[in-house]
Amino acid sequence: MKVFVIAEAGINHNGELKLAKKLVDAAKDAGADCIKFQTFISKNLTTKNASKAEYQKQTKSEESQYDMLKRYELSFDEFSELSRYCQDKNIEFLSTAFDFESIEFLKSLDMKRWKIPSGEITNLPYLIKIAKLNKPVILSTGMSTMDEIKKAVSVLRENGTGEITVLHCTTEYPAPFSDVNLKAMLTIKKELGVKVGYSDHTKGIEASIAAVALGASVIEKHLTLDKNMEGPDHKSSLEPNEMKAMIRALRNIELALGDGIKKPSESEKKNICVARKSIVAKRYIQKGEIFTEENLTVKRPGNGISPMQWFEVLGRRAVRDFQEDELIEL
């Protein structure tokens, strides 16, 4: 199973189209399947006096959430250009809409799938609007209970969404490993019967690697060009070389997971004879002598009679003379 890797650019373009295109280039070079942005009109997303999250206050703590988002807002025309740029670079464009006007705009870009962010999981009108688009949906579940996830999935299914992938997520930047709870991803899969994945807000790549080993079909990870840039998400993002290393590791894990059938692999078959043992003469044995524990032993190589037939050989008579260490024949 090939894992679908989303490089989450989010607002790490800092409101600059030129920087957004550089993020597209970095995601493509790293081997990501998709790059995702965030499309919003600030006045439709938040009130002007809404406070920022604690991690967002690390940059310009005195400003409101509205003022911060306004600085990172790209226009619809810029997103149209960004979508075309992704098409030219042969990487899937995806953007999360945070308001109805942005949904209507993104419809015009004919995205292959839609991504619902964690904050909208209890937004019933929003869920219905997305569901009626009849496209595959990826649903993030940060801050959510199982009951809230079940209700959101039901709404999506009842209103037209056929293919749903649910991403386990911890909405904190960076998320502490003690709060990651990757096993919850397995609970979601079992209880809802959906494909699952992981939206990773931790530092480093370990959690994403573990998620794939547990069965994640989608990995979403923030990407930045420089963790030292000003902005709320840069510090918990991967730089291009780190993103490339993570994706390389994920692809290796895909291969390593295999098909689940226990059998000798092609690469190890040649070592069976070398590593296993056969029944051999412990000393010189004359023709007609009875095989006993005193004149037989087991040693490498393994291309003779298997020691699993030990008791079938004991008590038989030698059909010929055997020298010490010679493989026994019946």
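From the list Lys277, Lys299, which residue is over 30 Å from Val24 (Cα atoms) and touching a Gly at 6+ places or on another chain (Cβ under 6 Å)? Steps first, answer last, please.
Working: Lys299 fails: touching a Gly at 6+ places or on another chain (Cβ under 6 Å).
None of the other options fit; the residue is Lys277.
Can you pull out the residues in segment 194-209 that are part of a loop (DSSP other than H, G, I, E, B) and touching a Phe, Trp or Tyr at 6+ places or on another chain (Cβ under 8 Å)? Give the steps one after another, and end with the answer.
Taking segment 194-209 and keeping what is part of a loop (DSSP other than H, G, I, E, B), we get 194, 201-205.
Those that are part of a loop (DSSP other than H, G, I, E, B) and touching a Phe, Trp or Tyr at 6+ places or on another chain (Cβ under 8 Å): His201, Thr202.
Condition first: farther than 24 Å from Lys129 by Cα and either within 14 Å of the chain's Cα centre (by Cα) or in a helix (DSSP H, G or I) (or both). Now tell me which residues in segment 151-179 satisfy that.
Kept after step one, since they are farther than 24 Å from Lys129 by Cα, are these residues of segment 151-179: 170, 172-179.
Phe177, Ser178, Asp179 - these are the residues of segment 151-179 that are farther than 24 Å from Lys129 by Cα and either within 14 Å of the chain's Cα centre (by Cα) or in a helix (DSSP H, G or I) (or both).
Restricted to segment 93-109, and to residues that are among the hydroxyl-bearing types (Ser, Thr, Tyr) and in contact (Cβ under 8 Å) with a residue 40 or more places away in the chain, which residue is farthest from Tyr126 (Cα to Cα)? Break it down stepwise before answering.
Let us first name the residues in segment 93-109 that are among the hydroxyl-bearing types (Ser, Thr, Tyr), namely 95-96, 102, 108.
Narrowing the set further to residues that are in contact (Cβ under 8 Å) with a residue 40 or more places away in the chain leaves 95-96, 102.
Details: Ser95: 15, Thr96: 12, Ser102: 11 Å.
Step by step, filter segment 93-109, then rank; the result is Ser95.
Condition (residue is of a type in the set (Phe, Trp, Tyr), at pLDDT below 95 and in the same structural domain as Leu94 (by the TED database)) applied to segment 176-190: is it met by at least one residue? Break it down into steps so the answer makes sense when it comes.
Applying the first criterion (of a type in the set (Phe, Trp, Tyr)) to segment 176-190 yields 177.
Subset that is at pLDDT below 95: none.
No, that holds for no residue.
Taking segment 101-150 only, how many residues are among the hydrophobic types (A, V, I, L, M, F, W, C) and assigned to a helix (DSSP H, G or I)? So that I can check it myself, show each step before the final result.
Within segment 101-150, the subset among the hydrophobic types (A, V, I, L, M, F, W, C) is 103, 105-106, 109, 111, 114, 116, 121, 124, 127-128, 130-131, 133, 137-139, 143, 146, 149.
With assigned to a helix (DSSP H, G or I) added as a condition, the list becomes 103, 105-106, 124, 127-128, 130-131, 146, 149.
Residues in segment 101-150 being among the hydrophobic types (A, V, I, L, M, F, W, C) and assigned to a helix (DSSP H, G or I): 10 in total.
Can you pull out every residue in segment 123-164 that is buried (at least 19 other Cβ atoms within 10 Å of the Cβ) and not hydrophobic (A, V, I, L, M, F, W, C)?
Scanning segment 123-164 gives Tyr126, Ser140, Thr141, Ser144, Thr161.
Any idea how many residues of segment 12-39 are assigned to a loop (DSSP other than H, G, I, E, B) and either buried (at least 22 other Cβ atoms within 10 Å of the Cβ) or of a type in the set (Ser, Thr, Tyr) (or both)? Even if it seems obvious, please write down each step before you answer.
Taking segment 12-39 and keeping what is assigned to a loop (DSSP other than H, G, I, E, B), we get 12-16, 31-33.
Add one more test, that the residue is either buried (at least 22 other Cβ atoms within 10 Å of the Cβ) or of a type in the set (Ser, Thr, Tyr) (or both), and what stays is 12-13, 32.
Count: 3.
Test of understanding: among Asn90, Asn134, Asn123, which residue is without any contact (Cβ under 8 Å) to a residue 24 or more places away in the chain and in the same structural domain as Lys18 (by the TED database)? Steps first, answer last, please.
Details: Asn90 fails: without any contact (Cβ under 8 Å) to a residue 24 or more places away in the chain; Asn134 fails: without any contact (Cβ under 8 Å) to a residue 24 or more places away in the chain.
Exactly one of Asn90, Asn134, Asn123 is without any contact (Cβ under 8 Å) to a residue 24 or more places away in the chain and in the same structural domain as Lys18 (by the TED database), namely Asn123.
Tell me, which strands (runs of 3 or more DSSP E) lie completely within segment 210-325 with 1 or more residues that are of a type outside the set (Gly, Ala, Ser) and free of Cβ contacts under 8 Å to residues at least 60 places away in the same chain?
Details: elements: 218-222, 278-281, 296-299.
In segment 210-325, 278-281, 296-299 are the strands (runs of 3 or more DSSP E) which contain 1 or more residues that are of a type outside the set (Gly, Ala, Ser) and free of Cβ contacts under 8 Å to residues at least 60 places away in the same chain.
Got at least one residue in segment 260-278 being of a type in the set (Gly, Ala, Ser), surrounded by 15 or more Cβ atoms within 10 Å (Cβ to Cβ), at pLDDT 95 or above and within 30 Å of Val298 (Cβ to Cβ)?
So the first thing to find is which residues in segment 260-278 are of a type in the set (Gly, Ala, Ser), and the list is 260, 265, 267, 275, 278.
Within this subset, residues satisfying the condition of being surrounded by 15 or more Cβ atoms within 10 Å (Cβ to Cβ) are 278.
Checking the rest, the ones that are also at pLDDT 95 or above come to 278.
Filter once more, so that each one left must be within 30 Å of Val298 (Cβ to Cβ): 278.
Yes: segment 260-278 contains one or more residues that are of a type in the set (Gly, Ala, Ser), surrounded by 15 or more Cβ atoms within 10 Å (Cβ to Cβ), at pLDDT 95 or above and within 30 Å of Val298 (Cβ to Cβ).
The values are calculated or read from the model by the stated rules, or taken from the named source; none is laboratory data. Computed from a predicted structure; not experimentally measured. Neighbour counts run over all protein chains shown; Cβ positions are idealised from the backbone, glycine included.
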